[in-house]
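Below is one structure, written out as structure tokens; the observations come after it.
The values are calculated or read from the model by the stated rules, or taken from the named source; none is laboratory data. Just so you know, these numbers come straight off a predicted model, no measurement behind them. Cβ placement follows ideal geometry from the backbone for every residue including glycine, while neighbour counts extend to all protein chains displayed. Keep in mind that these areas ignore ligands, DNA and RNA; they rest on the heavy atoms of the full protein, side chains included. Shrake-Rupley method; radii C 1.70, N 1.55, O 1.52, S 1.80 Å.
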Amino acid sequence: MANRHQMKEALQQCIDSMKQQLHGLSRDIWNRPELAGEEVNAHDTLVRFFSEQGRTWTVQRHYKLPTAFRASWGPVGGEEQRGLNVGFLCEYDALPGIGHACGHNLIAEVGAAAAVGLRAAVESQSELPVPVEITVLGTPAEEATGGKIDLIRGGAFTDLDLILMAHPAQQDASFLPTVTITEVSVKYHGKAAHASAYPWEGVNALDAAVLAYSNLSVLRQQLKPEWKLHGIIKHGGVKPNIIPAYSELEFYLRTLRLSDIWELKAKAEACFRAAALATGCQVEIIYPAHTYSNILPNDTLANLYESNGKALGMVFPEQPAGFSGSTDFGNVSFIVPGIHPFFYIGTDALNHTEEYTEAAGAEKAQLYTLRAAKALAMTAVDVVCCPDLLQRVREDFRLAKLKEEK
């Protein structure tokens, strides 16, 4: 039977032996930041990395999306007809103006390192409880439109049994409760007129935008404490002496649970439509991107990751209060059991800042990044070696979905 200790030693040795190559992959992506949906260099860099790992990897370029990819290895080992397909996710889009301020270059490195590490672990054994397959998905556009959701709709996750990825942060955490988010764009159409000579001929679209903004500000008093909405007026007119014929707002709506976002959307839409009615404007309410779901917890996977992380020297402090980030991995967590831990990279700088961009490209981050990759791969080894753990993971998944639906 498989020896878990040997497998974990093998994957750590593999990742350590490839640390320069893995750092080079990350630096290549960091040095050439690309916005969501435009990650051509990152796609090519990761495709080249897996193509160079030998013929045992099957690599599909432009997989269902122009800058997505899929790399598969196996199945090998075991005698059961139905194997275990372990998935790792890579993100690699950057932020406008400040590059990799969310460390997605490191997410890509973690996914690649964990995948080749798990392969080494599996190859170190002559017998396994089940056949093992490894799949790496390159998932673009997390910072904008939600590439994972497009891949879900394209069927990219249908054959996966387990999904693992890790995200840079200010501390190590096996789970943080992310929130649901939806983006809404609101456009008001009025009628231009001279603002001094005959303003009564105009229909003021800026007034509609200001009223909508005020409506939402007043609405906050009646919202649940964990519900959030925040936005800007993107367009408010062209000159003071012209009644604005067009205005535009952009808002983000956030709730802890997916089931709550529909109620908040209805309240916000009432505010937008009321402003149109009051001013005589026409209104368009557009949802330009997918709704990002909250991440479903999986206690079994989180506990395994934490145990493996501690064995590697990670420290897991108490969860921070009020964490309110969002990710399209949440949508993945509703269809496949998975884990999305956060890992320290050697800095207290906050994500989405210039300081975090520098930290994500620094040599100092490498120790922590590869440590997270090892912990992910070791967690996969635990599930591979113990069918009972897989059943517990699936039961956690089932119960979390039931709780969410109540």
Taking the range 382-394 and keeping residues assigned to a helix (DSSP H, G or I) and in contact (Cβ under 8 Å) with a residue 60 or more places away in the chain leaves 382, 383, 384, 385, 387, 389, 390, 392, 393
Checked against (1) open to solvent by less than 30 Å² (accessible area, probe 1.4 Å); (2) in contact with a Gly (Cβ under 8 Å, 6 or more places away or on another chain); (3) closer than 30 Å to residue 339 by Cβ, residue 252 satisfies every condition except (1)
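Yes/no matrix, rows are residues, columns are (1) within 25 Å of the chain's Cα centre (by Cα); (2) surrounded by 15 or more Cβ atoms within 10 Å (Cβ to Cβ); (3) free of Cβ contacts under 8 Å to residues at least 60 places away in the same chain:
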{"position": "158", "(1), (2), (3)": "yes, no, yes"}
{"position": "171", "(1), (2), (3)": "yes, yes, no"}
{"position": "182", "(1), (2), (3)": "yes, yes, no"}
{"position": "199", "(1), (2), (3)": "no, no, yes"}
{"position": "204", "(1), (2), (3)": "no, yes, no"}
{"position": "211", "(1), (2), (3)": "no, yes, no"}
{"position": "221", "(1), (2), (3)": "no, no, yes"}
>> Within the range 362-381, does at least one residue satisfy the condition of being at positive phi and assigned to a loop (DSSP other than H, G, I, E, B)?
In response: no
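Within the range 348-358, identify whether any single residue is open to solvent by less than 30 Å² (accessible area, probe 1.4 Å) and within 30 Å of residue 76 (Cα to Cα), and answer yes or no.
So in the range 348-358, the residues open to solvent by less than 30 Å² (accessible area, probe 1.4 Å) come out as 349, 356-357.
If we keep only those that are within 30 Å of residue 76 (Cα to Cα) as well, we get none.
Within the range 348-358, none of the residues are open to solvent by less than 30 Å² (accessible area, probe 1.4 Å) and within 30 Å of residue 76 (Cα to Cα).
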Against the condition under 26 Å from residue 290 (Cα atoms) and in contact with a helix residue (DSSP H, G or I) (Cβ under 6 Å, 6 or more places away or on another chain), how does residue 179 come out, does it pass? no
Residue hits (the range 138-156; crowded, with 24+ Cβ neighbours inside 10 Å and aliphatic (A, V, I, L, M)) are 141, 151
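Considering only the range 145-152, I want to know if a residue exists there that is of a type outside the set (A, V, I, L, M) and closer than 20 Å to residue 369 by Cβ. Break it down stepwise before answering.
The first filter runs over the range 145-152 and keeps only residues of a type outside the set (A, V, I, L, M), leaving 145-148, 150.
Still in the list and also closer than 20 Å to residue 369 by Cβ: none.
Within the range 145-152 (the criterion being of a type outside the set (A, V, I, L, M) and closer than 20 Å to residue 369 by Cβ), the answer is no, since none of the residues qualifies.
Just to check your reading of the model, which residue among 387, 297, 317 is touching a Phe, Trp or Tyr at 6+ places or on another chain (Cβ under 8 Å) and not small (Gly, Ala, Ser)? It would help to see each step written out before you state the result.
Working: 387 fails: touching a Phe, Trp or Tyr at 6+ places or on another chain (Cβ under 8 Å); 317 fails: touching a Phe, Trp or Tyr at 6+ places or on another chain (Cβ under 8 Å).
Answer to the check: 297.
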